[in-house]
Protein chains: 2
Amino acid sequence: MNLDENWVIEVCEEGGSAFALRGSQKVFEQQSAYQKIEVFETDTYGKLMLIDGYTMLSSRDNFIYHEMLSHPVLYSHPAPRRVAIIGGGDCGTLHEVLKHRTVERVTQIDIDEVVTQAARLHFPELCASNTDPRAELLFADGIRWMEQAPPGSLDIVIVDSTDPIGPGEVLFTPAFYSACYRALDEGGLVVQQSESPLIHLPIVERIHRSLHGASFHTTQTLFFPQPVYPTGWWSATIGTKGIGLNGFREADVAASDIETRYYNAEVHRAAFAQPEFFRQASETWV
Amino acid sequence: MNLDENWVIEVCEEGGSAFALRGSQKVFEQQSAYQKIEVFETDTYGKLMLIDGYTMLSSRDNFIYHEMLSHPVLYSHPAPRRVAIIGGGDCGTLHEVLKHRTVERVTQIDIDEVVTQAARLHFPELCASNTDPRAELLFADGIRWMEQAPPGSLDIVIVDSTDPIGPGEVLFTPAFYSACYRALDEGGLVVQQSESPLIHLPIVERIHRSLHGASFHTTQTLFFPQPVYPTGWWSATIGTKGIGLNGFREADVAASDIETRYYNAEVHRAAFAQPEFFRQASETWV
């Protein structure tokens with residue numbers, strides 16, 4: 001059979017695969033200065049945002065990605081107060097970060113305001129904390145911002161970027177990670193979304209090498225499902241400044257009233273388990 | 001864009017999604033007495049087997065499914081000697097089970113010999129142990145076989161079935177699980193592939209309830225990626241006869257020379273971590 005015009009289709013060229021959702025009513029389309037942003041209304045996944053034809057998020061499963069990009073690093077830092085999010089224009093990561101009471105300030109720097117405009121309209125639940133007095137939304141070049149950030153002024157950097165092609169590409173370079181390292185305080189953590197373990201292993205390797213090249217002490221990858229992304233299996237990679245990654249505040253998770261749908265203490269520990277093929281490959285990376 | 005005739009497309013009706021692989025040269029097609037078996041040669045996932053249009057396995061990622069359906073139960077039983085596989089005609093699960101030296105006999109009962117014929121031709125790596133003297137391949141009705149198995153004659157039952165529609169449907173019923181319970185020895189374990197945690201939660205619930213209804217003492221679900229299946233996220237559910245599921249032989253994994261690509265001791269423990277939405281839902285099941 002074939003798919004008719006009632007499907008939104010994303011082709012993953014490098015994976016030789018495609019993923020499609022039924023229900024293709026387009027509810028938003030704008031060509032910004034940087035990229036084309038579209039939102040579709042699907043039958044079973046709610047709204048679906050594409051940027052330049054690549055799936056960014058759906059209403060149904062974005063909770064997994066946003067929770068796993070934020071809570072593992074925040075609960076691995078002893079007292080995260082100052083957070084920067086690079087990218088993240090849909091504001092879902094920001095929303096999760098602001099659930100942490102220790103956090104005093106979150107600066108989100110996305111180059112493209114149109115992404116946030118689309119999110120406000122079509123993913124209002126992700127933008128519910130945008131007016132939190134601790135939140136600062138900037139629409140600017142994240143690399144320049146990071147280069148100009150005062151040294152030691154951040155506890156956590158979350159790189160919630162698009163794929164390493166297009167505007168997001170520079171966010172995967174040693175130069176950018178060096179700027180993050182400088183801006184982080186001792187004990188600070190950076191986390192970068194790091195693509196699919198099955199089909200993007202060379203990208204994960206490059207991130208580990210680049211983080212070490214930028215002086216990060218320890219690097220570690222965590223794994224989680226993300227059904228709307230190619231292979232349905234995704235990862236994020238953490239770099240630590242000056243310490244190992246062994247400060248999981250498990251008791252704080254248990255005592256917390258933060259509501260999550262995917263993340264919990266058990267999931268936190270489990271996410272770091274390395275599949276055997278990954279463990280073997282990564283032994284040669286450092 | 002749309003997908004041309006150079007793609008193999010599987011639509012998941014209940015999920016409102018579709019998955020496709022590029023490269024649609026058909027290398028096998030046969031209508032058996034039960035179902036239509038097809039194998040395609042894809043560009044990036046190797047061979048792909050479909051039954052009645054539903055994806056069964058690909059060369060590239062079947063290792064995850066087959067390892068997770070076999071090693072977690074085998075390493076959770078103190079001394080698994082007698083194993084039955086219901087379904088599993090591609091022989092990938094059989095191949096993993098036979099890696100365990102404690103295993104003295106594995107009987108695989110698949111109703112459809114054509115599946116195994118296709119696997120022998122196009123997934124020979126999965127059939128490499130079919131001639132092991134400990135292996136017995138039967139092409140028969142798995143339910144009748146289980147009903148006739150001597151009580152207490154099995155240590156492990158692996159239900160490697162198709163979806164709960166078509167010929168596989170009866171394998172999800174309390175009557176079948178009762179037959180498994182009877183055939184298992186004290187301390188025996190059954191494991192059933194249990195679909196996608198994201199879109200098939202009612203099926204997972206039904207399996208838990210049916211296993212308990214058939215007197216299984218403890219039930220537990222494990223989670224793993226499976227890129228070619230709907231949502232790319234899959235599960236298996238274990239039932240235990242007379243004991244809890246707390247006998248993980250971790251030292252044996254470490255001491256073993258069994259080669260795996262996904263499974264290891266860390267992955268074993270991690271696979272049982274319940275996502276928060278699943279944990280909350282499952283509290284009401286028992």
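The values are calculated or read from the model by the stated rules, or taken from the named source; none is laboratory data. Here the structure is a predicted model, which means the values were calculated and not measured. A quick note on method: Cβ atoms are made from the backbone with ideal geometry, for glycine too, and the neighbour counts reach across all protein chains shown.
Evaluated against (1) in contact with an Asp or Glu (Cβ under 6 Å, 6 or more places away or on another chain); (2) under 25 Å from A:ALA149 (Cα atoms), A:PRO227 falls short on exactly one condition, (2). Return the residues of segment A:239-272 that are of a type in the set (Val, Ile, Thr), assigned to a loop (DSSP other than H, G, I, E, B) and under 30 Å from A:THR173 (Cα atoms); say none if nothing qualifies. Answer for segment A:239-272, where residues must be of a type in the set (Val, Ile, Thr), assigned to a loop (DSSP other than H, G, I, E, B) and under 30 Å from A:THR173 (Cα atoms): just A:ILE243. Against the test of being more than 25 Å from A:ARG81 (Cα to Cα) and of a type in the set (Asp, Glu), the options A:GLU186, A:GLU205 yield a single qualifying residue, A:GLU205.
A:LEU94: out of contact with any Lys or Arg (no Cβ under 7 Å at 6 or more places or on another chain), farther than 24 Å from B:ILE199 by Cα and surrounded by 23 or more Cβ atoms within 10 Å (Cβ to Cβ), yes or no? Yes. Checking A:HIS200, A:HIS212, A:HIS208 one by one, the residue that is touching a Phe, Trp or Tyr at 6+ places or on another chain (Cβ under 7 Å) and either closer than 21 Å to A:GLY88 by Cα or assigned by TED's automatic domain parsing to the domain that holds A:ALA84 (or both) is A:HIS208 and no other. Taking segment B:18-43 as the range and being touching a Leu at 6+ places or on another chain (Cβ under 8 Å) and under 11 Å from A:ALA18 (Cβ atoms) as the test, the residues that pass are B:ALA18, B:ALA20, B:LEU21. Being over 30 Å from B:SER17 (Cα atoms) and in contact (Cβ under 8 Å) with a residue 40 or more places away in the chain is a property that A:THR219 has.
Screening B:HIS122 against (1) under 16 Å from the mean Cα position of the chain (by Cα); (2) surrounded by fewer than 23 Cβ atoms within 10 Å (Cβ to Cβ); (3) within 30 Å of A:HIS200 (Cα to Cα) leaves a single unmet condition, (1). Each residue in segment B:193-214 was checked for being small (Gly, Ala, Ser) and without any contact (Cβ under 8 Å) to a residue 40 or more places away in the chain, and 2 of them qualify.
Yes/no per residue for (1) more than 21 Å from A:THR55 (Cα to Cα); (2) touching a strand residue (DSSP E or B) at 6+ places or on another chain (Cβ under 9 Å); (3) part of a helix (DSSP H, G or I):
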{"site": "A:PRO164", "(1), (2), (3)": "no, no, no"}
{"site": "A:GLU169", "(1), (2), (3)": "no, no, yes"}
{"site": "A:PHE176", "(1), (2), (3)": "yes, yes, yes"}
{"site": "A:VAL191", "(1), (2), (3)": "no, yes, no"}
{"site": "A:PRO197", "(1), (2), (3)": "no, yes, no"}
{"site": "A:ILE203", "(1), (2), (3)": "no, no, yes"}
{"site": "A:HIS208", "(1), (2), (3)": "yes, yes, yes"}
{"site": "A:LEU211", "(1), (2), (3)": "yes, yes, yes"}
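Could you say whether any residue in segment A:112-129 is of a type in the set (A, V, I, L, M, F, W, C) and assigned to a strand (DSSP E or B)? Scanning segment A:112-129, I find no residue that is of a type in the set (A, V, I, L, M, F, W, C) and assigned to a strand (DSSP E or B), so the answer is no. Considering only residues in segment B:257-286 that are hydroxyl-bearing (Ser, Thr, Tyr) and within 12 Å of another protein chain (Cβ to nearest Cβ), the one that is nearest to A:TYR65 (Cα to Cα) turns out to be B:TYR262. Restricting A:ALA149, A:ALA118, A:ALA128 to those that are in contact (Cβ under 8 Å) with a residue 60 or more places away in the chain and either of a type in the set (Asp, Glu) or farther than 17 Å from A:ARG82 by Cα (or both) reduces the list to A:ALA118.
Determine whether segment A:24-35 contains at least one residue that is among the aliphatic types (A, V, I, L, M) and over 18 Å from the mean Cα position of the chain (by Cα). For segment A:24-35, residues among the aliphatic types (A, V, I, L, M) and over 18 Å from the mean Cα position of the chain (by Cα): present. When A:PRO227, A:PRO275 are screened for being in contact with a Leu (Cβ under 8 Å, 6 or more places away or on another chain) and crowded, with 20+ Cβ neighbours inside 10 Å, only A:PRO227 passes.
Considering only segment A:251-264, I want to know if a residue exists there that is without any contact (Cβ under 8 Å) to a residue 60 or more places away in the chain, out of contact with any Leu (no Cβ under 8 Å at 6 or more places or on another chain) and among the charged types (D, E, K, R). Checked segment A:251-264: at least one residue is without any contact (Cβ under 8 Å) to a residue 60 or more places away in the chain, out of contact with any Leu (no Cβ under 8 Å at 6 or more places or on another chain) and among the charged types (D, E, K, R). Is it the case that segment A:236-255 has a residue that's at the interface with chain B (Cβ under 7 Å from one of its Cβ atoms) and closer than 30 Å to A:PHE40 by Cβ? Checked segment A:236-255: no residue is at the interface with chain B (Cβ under 7 Å from one of its Cβ atoms) and closer than 30 Å to A:PHE40 by Cβ. All of B:GLY247, B:GLY188, B:GLY239 fail the test of being more than 27 Å from A:PHE19 (Cα to Cα), more than 16 Å from the chain's Cα centre (by Cα), surrounded by 17 or more Cβ atoms within 10 Å (Cβ to Cβ) and in the same structural domain as B:GLU125 (by TED's automatic domain parsing), apart from B:GLY188.
Does any residue of segment B:128-137 turn out to be buried (at least 20 other Cβ atoms within 10 Å of the Cβ) and touching a Leu at 6+ places or on another chain (Cβ under 7 Å)? Yes: one or more hits.
Just give me the residues in segment B:176-200 being in contact with a Ser or Thr (Cβ under 9 Å, 6 or more places away or on another chain) and among the aliphatic types (A, V, I, L, M), in sequence order. Across segment B:176-200, the qualifying residues are B:ALA183, B:LEU184, B:LEU189, B:VAL190, B:VAL191, B:LEU198, B:ILE199.
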